[in-house]
Amino acid sequence: MSKVWVHALACLTASGFMGVAQADQKLIRQLAAEAARETIHLAPGDLKVMDLEFEARDAQVSGDKDSISLTRVKTKRGDQIVIQPLKAGVAEIVVPRIKGDAELGLRVEVHVEDSAVLGRRQELKTVLASERSEMRAERTGLQLKVNTEHFAQIAFAPAVNGGVQVGNPAIVETAVKKTKGKYEFLIRAAQAGRTAILLRDDQGKLRARYLISVEP
């Protein structure tokens, strides 16, 4: 997952964060840096319980130590650590294994943030996940002559509203037909030019992208 996140974030970075608010730019850079390590974000008042699935030494806390309170609890299923955020800051928790002095058991970075910042972070994650999905959408290039048609079978039901989006409707006409339980997508070349077509399923996810070139 981290490779896809890094790729999506790199695309945003390469574009110069066009149209992205300065506060959001900072959050996006943080998300990129976190893609390769375990990091959790909490707001004051939250509680985070983490299971220790190994024999562990005492937990070590560094960074903003007073930003969190850490409690170790013994249960029938094994030990747990309970993280309680107290105030804004960044703390790192390291829990070594008992066996093997140099063997790391758990390492996690805890960011305690204002509730509004935490909420915006979750919104950005949703946006970036959508970007990742759209990057994986199938792309098809087509060259057509004016007044010719192209038929393609699609393995999903396009959304009723907004399922087919055409960059320049004057270049091509489109239609979706259902035959024997299968969906067929029709593209009819109307006039010379170039345009793009996006197909979205009933969940709003981009599933296919057509790049159309129409010649006289």
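Coordinate-derived values only; no laboratory data. This is a predicted model, so every value here is computed, not measured. Heads up, the Cβs are rebuilt from the backbone with ideal geometry, glycines too, and the neighbour counts pull from every protein chain shown.
With only Cα atoms counted, segment 138-215 has Rg and Dmax values of 11.9, 34 Å. Under the simplified labelling scheme, the Thr39-Ser213 pair shows an inter-label distance of 4.2 nm, with each label point 7 Å from Cα along Cα→Cβ.
Seen from Glu215, the other residues with C-beta closer than 13 Å to its C-beta sum to a net charge of +2, counting Lys and Arg as +1 and Asp and Glu as -1.
Couplings 3J(HN,Hα) for segment 149-166, derived from phi with the Karplus relation 6.51 cos²θ - 1.76 cosθ + 1.60 (θ = phi - 60°), are 10, 10, 10, 9, 8, 10, 8, 7, 8, x, 4, 5, 10, x, x, 10, 10, 10 Hz, where x marks Gly and Pro.
Taking amide H as placed 1.01 Å from N in the peptide plane, the amide H of Ala159 sits under 5 Å from that of Arg200, Asp201, Asp202, each at least 5 places away or on another chain. A straight line joining the Cα centroids of segment 53-90 and segment 136-215 runs 53 Å. The phi torsions of segment 47-57, fed into the Karplus equation with coefficients 6.51, -1.76 and 1.60 and a -60° offset, translate into couplings of 9, 10, 10, 10, 7, 9, 8, 6, 6, 10, 7 Hz, rounded to whole numbers, with Gly and Pro shown as x.
For Ser69, nonlocal amide neighbours, meaning residues 5 or more places apart or on other chains whose placed amide H falls under 5 Å from its own, are Gln84, Leu86. Couplings 3J(HN,Hα) of segment 62-71, computed from phi: 10, x, 7, 4, 7, 7, 9, 10, 10, 10 Hz, in residue order, whole Hz [Karplus 6.51 cos²θ - 1.76 cosθ + 1.60, θ = phi - 60°; x for Gly and Pro]. Amide H to amide H, with H built 1.01 Å from N, Glu113 comes under 5 Å of Leu42, Ala43, counting only residues 5 or more places away or on other chains.
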